[in-house]
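Visitor: Here it is: the structure, laid out below.
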Amino acid sequence: MSGRFGATSRRFGLRLADAIVTSRFTRWTWQGLAEQGYKGELPEFRPTDRDAVREMMSGRYLLASKLIETGGTSPFSVDVDFPDWWNNLQSFSWLRHFRDVRDPGEKLFARTLVLDWIGREGKFDTESWSLPLTGQRVLNWLRHLPLLLDGATPDQAKTIQRSLGTQVQSLRVRGKLATDPVDRLFAAIGILGAELCEPEDSADVEARLVQLDAALAEQLDEEGLHKSRNPRIQLNLLVELSSLRQAANRHGSPTFASLSNRIDRMHEALDAVTLSSGELAYFNGCGQVPHDVLVAVQANAPTPARRSRILGGYGILRSGRAVVIADSGLRPEPGFDAEAHAGALAFEFSHGSELILGSCGPAPADMPETRDLFRQAIAHSSPTIEDEDAFVPPKGFRAKPPAVPDMELVPAEHMLAVSSIGYATRFGAEIERRLTLLGDGTTLVGQDRVVAEGTPNGQLSIRFHLAPGISVQAPVGEGMRRLTLPNGEVWSFLWEGATLRQDDSVRQSAYLGFNRTIQLVLEAELEPGVEVGWILTREHG
């Protein structure tokens with residue numbers, strides 16, 4: 001109790017301190033230290049699209065796959081209800097599309113947008129100056145600083161440099177006051193990026209490398225996965241870290257080797273939670289990410305050692321062209337659990353380039369009222385009792401699960417076993433799930449068994465959320481379903497020990513919106529020893 005009270009008091013104190021240093025009465029004290037002349041640029045490895053430049057110059061801004069037409073007015077003057085689009089705009093990640101432009105008019109347009117932002121948003125604002133957005137914006141400006149300064153008047157160049165310095169100074173002042181660990185990490189990343197672009201006589205790269213390496217050490221597990229267990233956060237961090245590593249390689253730093261090794265492990269962890277279809281697993285707040293950016297980040301990674309393994313509470317099975325990624329339901333540590341989803345015993349399955357089974361994904365950013373719905377176990381391909389989550393803390397009380405979920409991997413048999421935690425006190429039973437890949441990945445066998453820990457009561461439901469574009473047929477007289485994938489492959493789904501019903505489902509995409517999909521649901525009464533078996537196998541023809 002005292003520990004929880006102390007943590008709450010600390011968060012309150014930090015928020016209060018942040019409110020004080022960002023008030024209009026005091027922020028002049030750190031803004032006045034912002035004079036700096038940044039030189040050089042950070043590497044940009046993300047792909048570019050010249051058509052995007054032309055579209056923006058005609059007033060059409062396609063960001064996060066949402067098209068907003070401004071009618072020729074500034075995009076920063078448009079009032080939009082699409083948080084993903086707005087965040088993309090404010091971070092200036094789109095500035096990469098101007099990387100290779102040679103036309104003076106296109107360079108002028110990019111510089112005009114930056115100056116327009118400074119004129120409208122250059123003074124501190126809680127939303128547009130959040131630590132992640134500020135850190136990303138600083139790095140994106142520094143990646144393309146020569147472009148922005150080429151052709152600028154002395155006053156324009158001074159305005160851009162001063163704004164950069166002010167934003168970097170805000171990261172230095174506010175980063176240490178952040179209550180969210182990811183915010184602190186983005187502040188450290190932004191500060192290092194700025195340090196790498198300072199004149200050599202004033203830069204202190206080593207100190208900033210030490211600071212970032214220490215922050216990563218606190219926020220990564222031993223295998224390099226961010227403690228939030230959110231693959232999207234892992235990718236977002238690697239976008240920035242991969243660029244910084246290339247820039248820092250020029251400095252003879254004793255800390256660089258440690259940081260570089262840590263980034264390599266992050267790459268390996270990201271690759272582990274990537275399906276064969278090229279998508280990240282939809283767990284703990286991760287939804288669809290820009291595929292071209294993911295590919296670009298992975299191209300900067302060491303040669304992947306793709307194998308079956310357990311990593312950060314995820315079990316990964318790989319055989320042939322098939323990949324299964326299952327979630328033990330491990331709850332992220334307090335402070336890292338803001339986007340935690342109830343994914344215990346859930347899994348996603350892909351074969352070749354096709355996703356076959358997945359999760360519904362996180363709630364749409366513009367529909368916050370659905371946030372809790374998409375976090376529930378029923379939004380995952382998982383077994384549940386009475387459609388409830390495995391671990392449910394008392395109302396209004398944030399508590400850790402009673403134990404670490406048990407997960408066992410037998411690589412030689414391509415078998416993964418995982419057990420639920422948290423059902424026993426409510427329903428007198430837990431669930432044990434076994435997943436096995438056979439036939440070089442062409443068959444997936446599942447067994448969901450009820451383990452009595454009292455007098456079981458309730459209904460066992462096992463959900464399989466099919467990927468978009470999969471059609472389902474029920475052959476007459478056969479206890480099976482035939483699934484036809486978008487690429488024409490046909491898979492058979494067979495089961496025993498339960499009844500099957502078919503229902504509607506969705507797969508949420510931040511870029512394409514809702515995809516209407518289908519879910520298959522197996523149901524059985526909860527009794528001691530009840531076991532439901534199912535098989536998903538590819539038909540050869």
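Visitor: Rounded, prolate or oblate: pick one for the stretch 451-541, where a ≥ b ≥ c are the square roots of the eigenvalues of its C-alpha gyration tensor, a/c under 1.5 means rounded, and failing that, prolate if a/b is larger than b/c, else oblate. Provide the component values of the computation, followed by the final result.
Guide: Numbers: a/c = 2.72, a/b = 1.47, b/c = 1.85.
In terms of gyration-tensor shape, oblate.
Visitor: Output the Kirkwood hydrodynamic radius of the stretch 236-394, Cα pairs only, in Å rounded to one decimal. If you can, show how the numbers build up before the last one.
Guide: On the way: mean 1/r = 0.0585 Å⁻¹.
For the stretch 236-394, the Kirkwood estimate is 17.1 Å.
Visitor: With a cut-off of 8 Å between alpha carbons and a minimum separation of six or more residues, what is the relative contact order of the chain in percent? Each step should come with its number before you reach the end.
Guide: Details: 1069 pairs, mean separation 57.6, N = 541.
Relative contact order comes out at 11 percent.
Visitor: Here's something else I'd like to know. On average, how much area does the Cα convex hull of the stretch 137-221 cover when viewed from any direction, in nm²? Walk me through the numbers before you get to the answer.
Guide: On the way: hull surface 24.3 nm².
Seen from a random direction, the Cα hull of the stretch 137-221 projects 6.1 nm² on average.
Visitor: Before rounding to the nearest 500, sum -39500 (n - 2.57) across all DSSP H runs of length at least 4 in the chain and divide by the residue total; then give [θ] at 222 nm in deg cm²/dmol.
Guide: Numbers: 15 runs with 183 residues, N = 541.
After summing the helix terms and dividing by residue count, I get -10500 deg cm²/dmol.
Visitor: Could you tally the net charge around residue 522, taking each other residue with its Cβ under 10 Å from the Cβ of residue 522, Lys/Arg +1 and Asp/Glu -1? Could you put the intermediate results ahead of the total?
Guide: On the way: positive: 463, 501; negative: 448, 496, 523.
Neighbour charge sum, excluding residue 522 itself: -1.
Visitor: Of the options 101, 181, 298, report the single residue whose Cα projects farthest towards the positive end of the charge dipole of the chain (beta-carbon charges: Lys, Arg +1; Asp, Glu -1).
Guide: Towards the positive end, the residue furthest out is 101.
Visitor: For the stretch 74-145, which GluC sites (Glu not before Pro) are both in a DSSP coil and crowded by at most 15 other Cβ atoms within 10 Å? Spell out each step's value before the answer.
Guide: Values: sites: 106, 121, 127; in loops: 127.
The qualifying sites are 127.
Visitor: Could you pull out the GluC sites (Glu not before Pro) across the stretch 182-244 that fall in loop regions by DSSP (anything but H, G, I, E, B) with no more than 12 other Cβ atoms inside 10 Å?
Guide: On the way: sites: 195, 200, 206, 218, 222, 223, 240; in loops: 200, 222, 223.
Sparse-neighbourhood loop GluC sites (Glu not before Pro): 200, 222.
Visitor: Right, here's the next one. Only counting other Cβ atoms within 10 Å, I'd like 191, 431 sorted with the fewest neighbours first. Before the final figure, lay out each step's value.
Guide: Values: 191 21, 431 26.
Ascending Cβ contact count within 10 Å gives the list 191, 431.
Visitor: Run through the stretch 196-252 and list the trypsin sites (Lys or Arg not before Pro) located in a DSSP loop whose Cβ has at most 12 other Cβ atoms within 10 Å. The partial results should precede the final answer.
Guide: Details: sites: 208, 227, 229, 232, 245, 250; in loops: 227, 229, 250.
Hits after loop and neighbour filter: 250.
Visitor: Could you size up the charge dipole of the stretch 326-538 around its Cα centre, putting +1 on the beta carbon of Lys and Arg and -1 on that of Asp and Glu, and report it in debye to the nearest 20?
Guide: Numbers: 17 positive and 30 negative charges, 70 e Å.
That gives a dipole near 340 debye.
Visitor: Next up: Given the chain, report the % of alpha carbon pairs whose separation exceeds 32 Å. Don't skip to the end; give the middle numbers.
Guide: Values: 70582 of 146070 pairs.
Cα-Cα pairs in the chain separated by more than 32 Å: 48 percent.
Visitor: If you wrap a convex hull around the Cα atoms of the stretch 326-538, how much volume per residue is inside, in Å³? Don't jump to the answer; show the numbers that get you there.
Guide: Numbers: hull volume 28.9 nm³, N = 213.
Roughly 136 Å³ of hull volume per residue.
Visitor: If each residue's Cβ is checked for other Cβ atoms within 10 Å, how do 80, 289, 418 rank with the fewest at the top?
Guide: On the way: 80 16, 289 19, 418 25.
Exposure proxy ranking, most exposed first: 80, 289, 418.
Visitor: Give me 387, 183, 81 sorted ascending by neighbouring Cβ count inside 10 Å, so fewest comes first. Write down the numbers at each step before the final one.
Guide: Values: 387 13, 183 19, 81 8.
The most exposed by this proxy come first: 81, 387, 183.
Visitor: Tally Lys and Arg at +1 and Asp and Glu at -1 over the other residues with C-beta under 12 Å from the C-beta of residue 411: what net charge comes out?
Guide: Working: positive: 307, 309, 318; negative: 408, 413.
Combined, the nearby Lys, Arg, Asp and Glu give +1.
Visitor: So how do 292-305, 128-141 stack up, highest first, on mean other-Cβ count within 10 Å?
Guide: Working: 292-305: 14.6, 128-141: 23.5.
Top of the packing list down: 128-141, 292-305.
Visitor: Determine the relative contact order of the stretch 56-172: mean sequence separation of Cα pairs under 8 Å and six or more apart, normalised by residue count, in whole percent. Intermediate results must be reported in sequence, preceding the final value.
Guide: Numbers: 95 pairs, mean separation 29.8, N = 117.
That works out to 25 percent.
Visitor: Moving to a separate point now. Separation between the residue 200 and residue 523 pseudo-spin-labels, each 7 Å from Cα along Cα→Cβ, expressed in nm?
Guide: 7.3
Visitor: If I take every Cα pair under 8 Å that is 6 or more residues apart in the stretch 403-505, average their sequence separation and divide by the length, what percent do I get for the relative contact order? Before the final figure, lay out each step's value.
Guide: Values: 144 pairs, mean separation 15.0, N = 103.
Result for the stretch 403-505 is 15 percent.
Visitor: Evaluate the charge dipole of the chain about its Cα centre and quote only its size in Debye, nearest 20, assuming +1 on the Cβ of each Lys and Arg and -1 on the Cβ of each Asp and Glu. Could the numbers behind the result be given before it?
Guide: Values: 57 positive and 70 negative charges, 266 e Å.
Using only the charged Cβ atoms, the result is roughly 1280 debye.
Read-outs throughout are calculated quantities, based only on the coordinates presented, and are distinct from any laboratory measurement. Note that the coordinates shown come from a computational prediction; the quantities given were computed from them, not determined experimentally. Glycine gets a Cβ as well: all are built from the backbone with ideal geometry, and neighbour counts include every protein chain shown.
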